Amino acid sequence: MGISHALLLILCALLSVHGTTVQHYLRLRPSPSEHLPIPDIKEDPDKEYDPREQDLTERTLRKKLGSHFDPNFMSIHLPIQLNASAPLDVLGPRSPMPVELKKLDLTETPYGRRVKVGKKARRKFLQWLWTHTHCPVLYAWKDLGVRFWPRYIKEGNCFSERSCSFPEGMFCKPVSSVTKTFLRWYCQGFLRQKYCTWIPVQYPIISECKCSC
């Protein structure tokens, strides 16, 4: 019981994270936010504000986006598994165990007493602990709609169906993000007097999740 309590205190210190400033979009441009992934954007339903077929020439848009095109996170055509999240690694986390966890001293107790822990038992316990506290990023394709190019983005989410600590109490939360540049169809004016063009916009994607108090 004493060891479990001590481990919870240690984990809170090791796994606590500081919130990072990220961005979300309100119709067009990004603004500061603490919430990822980005919620669905509310679009004007009028089809007059959609790009026309001649505005969607792949060669022209690829040239305009240039080196920002990242096939790992964006797709021009409908991905085969649009709504399928990346499966969890049932055998345990693929990333290496953190150094802080490897150095965790299991022999000390909060009351100054020491307990004996064999090397094999220690190794198995730390692996079990890392498997239960690891927070993978689960990726799934999202349709941004015709007013974004490329239209499809692979978005990250933190696994939150269970607590990531032992004893329970902490949950996986985003701590880092990467920014990808997309093209956004932007119209000024109204109907026949409007002027529309593609402009570059930045879209943050969760890249790392951690167990947080």
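The values are calculated or read from the model by the stated rules, or taken from the named source; none is laboratory data. No experiment lies behind these values; they were computed from the predicted model shown. Positions of Cβ are generated from backbone atoms using ideal geometry, with glycine treated the same way; all protein chains shown enter the neighbour counts. The protein model used for the area step is the full one, side chains on, heavy atoms only, and it has no ligands, DNA or RNA in it. Shrake-Rupley method; radii C 1.70, N 1.55, O 1.52, S 1.80 Å.
Filtering Pro39, Pro32 for residues that are in a strand (DSSP E or B), modelled with pLDDT under 90 and open to solvent by 60 Å² or more (accessible area, probe 1.4 Å) leaves a single hit, Pro32.
Listed here are the residues, each with its yes/no results for (1) under 22 Å from the mean Cα position of the chain (by Cα); (2) open to solvent by 60 Å² or more (accessible area, probe 1.4 Å); (3) at pLDDT below 90.
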{"residue": "Pro96", "(1), (2), (3)": "yes, yes, yes"}
{"residue": "Lys119", "(1), (2), (3)": "no, yes, yes"}
{"residue": "Pro136", "(1), (2), (3)": "yes, no, yes"}
{"residue": "Pro167", "(1), (2), (3)": "no, no, yes"}
{"residue": "Pro174", "(1), (2), (3)": "yes, no, no"}
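Condition first: more than 30 Å from Thr57 (Cβ to Cβ), aliphatic (A, V, I, L, M) and surrounded by 18 or more Cβ atoms within 10 Å (Cβ to Cβ). Can you find one or more residues in region 194-205 that meet it? Looking through region 194-205, none of the residues is more than 30 Å from Thr57 (Cβ to Cβ), aliphatic (A, V, I, L, M) and surrounded by 18 or more Cβ atoms within 10 Å (Cβ to Cβ). The condition (being touching a helix residue (DSSP H, G or I) at 6+ places or on another chain (Cβ under 7 Å) and small (Gly, Ala, Ser)) is satisfied by just one residue among Ser165, Ser160, Ser177: Ser165. Going by what's in this entry, would Phe159 be described as open to solvent by 20 Å² or more (accessible area, probe 1.4 Å), modelled with pLDDT under 85 and among the aromatic types (Phe, Trp, Tyr)? Yes; evaluated as a whole, the condition is true for this residue. The residues listed here are Arg123, Arg151; of these, the one that is open to solvent by 20 Å² or more (accessible area, probe 1.4 Å) and modelled with pLDDT under 80 is Arg123.
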